[in-house]
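Note sheet for the following structure.
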Amino acid sequence: MRPFFTLIIFLSFGFFTPAQTKLLWFDATANFQRFSYPDSIKYYLDKTKEAGFTDIALDVKPITGEVLYKSSYAPQMREWGGFSRGDSLDFVSFFITECKKRGLKIHASLNVFAAGHNYFDRGLVYNGRASWQSYNYTDSGIVPITKLRHKYSAMTNPANREVQLHELSIIKELVENYKGLDGIILDRVRYDGIEADFSPLSKELFENFIGEEIKRFPEDIYEWVKDSSGNKQRKEGKYYRQWLLWRVKIIYEFFDEARREVKKINPSISYGDYTGAWYPLYYEVGVNWASKSYDPSAEYDWALPEYRNYGYAGLLDFYTTGCYFFEVTKQEVENLNKEAERTEAGMGKGKEYWYSVEGSAEIAMEVIDGAVPVIGGLYVEQYKGHPEQFRRAMKMCLEKTDGLMVFDIVHIINYGWWEYLNPD
């Protein structure tokens, strides 16, 4: 009887089943003007509910380091893209109230270790907090991230205690002031990439971690060498794997501390995280989002045996992973006749099975190992002009994980894809 019952639910509600979380993301800057009006907020929350979603993620701290509410610790974003928002609307409170009316759960999302937008020279690292920014060891030397103009997000140094305390203050203030939130989702709790962070502070902290002075820094972490074609490639140094271990320790300890602070204020709030799904390469951004029961050193040569000690899945109540690939099935990746162009942090250009929605969802479920519910996420813009591929990707997330996250509502609006979110 169970398979038949499941089929009836499937046919009655599209491919959404009642037990699964369906989360729609509301980006801060992409929707800044649209969600400055109460009627507009109500209209799109109605559309969200009608489309079968159970939850929303409301971005309240974009990459500039500003926030979308009055704060004692961060500047409030009052203008974006030439549009100014007035003071009459308490943005977060209004969203909470309207979500409750519709039976939608609301999670506040924060971009944690980001404090500037390099395309607009805007944000905290451009306004008195330059020392917080990441220093990246590129093939041209060590460069502050604000000078790397191809990077839109000016990331900070997660090991900097001033940065950590600043971010913790914002998180605590948000949870304290908005008791109606069902959850928070931390985003960008990571390093900028494998090239970050090589500031003097990171050198000092890493030396304390290993208990010795590094004679050749940064070359003893890695160095740039020319290959046979004259192109510069990274060559691992003597401390490379210890460096990777130290960085995931930094991120683990921040997640641990943030959880404790959040739960002190509101024990019932859901504590969540959002990362990319490409785990075999995610060490490049200094993050181990796996369960401690999973041992990456058994599969990957970049991981020391201690690496598993800093898997933070067990600290979470909620985890959403970005299965950000156009190819839905593993077979589609295998059928590619050229390198795929991928732009997200830590991504490569290979054709491994996990460069697909199906494969990345499978590897996420494997490394999380039941520690926390896994919500498979999609980046709608990747499917522009291909609504049926988007529909297939949604079904795959729901089949392979515990739910679905769609990023972002702005693309659903712009493409007019509401009908594809809950098909007959």
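The values are calculated or read from the model by the stated rules, or taken from the named source; none is laboratory data. Predicted, not measured: the structure shown is a model, and the values here were computed from it. Backbone-built Cβ (ideal geometry, glycine too); neighbour counts: all protein chains shown.
Screening residue 223 against (1) of a type in the set (Asp, Glu); (2) assigned to a loop (DSSP other than H, G, I, E, B); (3) touching a strand residue (DSSP E or B) at 6+ places or on another chain (Cβ under 7 Å) leaves a single unmet condition, (2). The requirement of being crowded, with 21+ Cβ neighbours inside 10 Å, in contact with a helix residue (DSSP H, G or I) (Cβ under 9 Å, 6 or more places away or on another chain), modelled with pLDDT of 95 or more and not hydroxyl-bearing (Ser, Thr, Tyr) is satisfied by residue 245. Among the residues of segment 391-411, the ones that are out of contact with any Leu (no Cβ under 7 Å at 6 or more places or on another chain) and either assigned to a helix (DSSP H, G or I) or among the acidic types (Asp, Glu) (or both) come to 10 in all.
Scanning segment 168-182 for residues being surrounded by fewer than 22 Cβ atoms within 10 Å (Cβ to Cβ) and not in a helix (DSSP H, G or I) gives a total of 4. The single condition among (1) in contact (Cβ under 8 Å) with a residue 40 or more places away in the chain; (2) surrounded by fewer than 18 Cβ atoms within 10 Å (Cβ to Cβ) that residue 229 does not satisfy is (1). Regarding residue 383, is this residue closer than 24 Å to residue 32 by Cα, surrounded by 18 or more Cβ atoms within 10 Å (Cβ to Cβ) and hydroxyl-bearing (Ser, Thr, Tyr)? It is true that residue 383 is closer than 24 Å to residue 32 by Cα, surrounded by 18 or more Cβ atoms within 10 Å (Cβ to Cβ) and hydroxyl-bearing (Ser, Thr, Tyr).
Of the residues that sit in segment 147-199 and are hydroxyl-bearing (Ser, Thr, Tyr) and out of contact with any Ser or Thr (no Cβ under 9 Å at 6 or more places or on another chain), which one is nearest to residue 209 (Cα to Cα)? Residue satisfying both the conditions and the ranking: 153.
Taking residues in segment 43-58 that are within 13 Å of residue 403 (Cα to Cα) and without any contact (Cβ under 8 Å) to a residue 12 or more places away in the chain, and partners anywhere that are surrounded by fewer than 20 Cβ atoms within 10 Å (Cβ to Cβ) and among the aliphatic types (A, V, I, L, M), not one pair has Cβ atoms closer than 8 Å while being at least 6 places apart or on different chains.
The residues of segment 18-68 that are of a type outside the set (S, T, N, Q), in a loop (DSSP other than H, G, I, E, B) and either in contact with a strand residue (DSSP E or B) (Cβ under 7 Å, 6 or more places away or on another chain) or more than 19 Å from residue 397 (Cα to Cα) (or both), listed by number, are 27, 28, 30, 32, 37, 52, 53, 62, 63, 65, 66, 68. Being of a type outside the set (Gly, Ala, Ser), in contact (Cβ under 8 Å) with a residue 60 or more places away in the chain and within 17 Å of residue 57 (Cα to Cα): is that true of residue 410 here? Answer is yes for this residue. Would you check which residues across segment 74-90 are surrounded by fewer than 16 Cβ atoms within 10 Å (Cβ to Cβ), outside any strand (DSSP E or B) and either aromatic (Phe, Trp, Tyr) or over 25 Å from the mean Cα position of the chain (by Cα) (or both) and list them? Scanning segment 74-90 gives 82, 86, 87, 88, 89, 90.
When segment 110-155 is filtered for residues that are among the polar types (S, T, N, Q) and buried (at least 18 other Cβ atoms within 10 Å of the Cβ), the ones remaining, listed by number, are 111, 118, 133, 134, 136, 153. Go through segment 1-47 and give me each residue that's among the small types (Gly, Ala, Ser) and at pLDDT 95 or above. If the condition is that a residue be among the small types (Gly, Ala, Ser) and at pLDDT 95 or above, then 28, 30, 36, 40 are the ones that fit. Would you mind stating whether residue 259 is over 30 Å from residue 105 (Cβ atoms), of a type in the set (Lys, Arg) and modelled with pLDDT of 95 or more? Taking the combined requirement at face value, the residue does not satisfy it. Picking from residues in segment 260-286 that are in a loop (DSSP other than H, G, I, E, B) and of a type outside the set (Phe, Trp, Tyr), the one that is nearest to residue 169 (Cα to Cα) is 266. In segment 124-167, of all residues being hydroxyl-bearing (Ser, Thr, Tyr) and in a helix (DSSP H, G or I), the one that is nearest to residue 258 (Cα to Cα) corresponds to 131.
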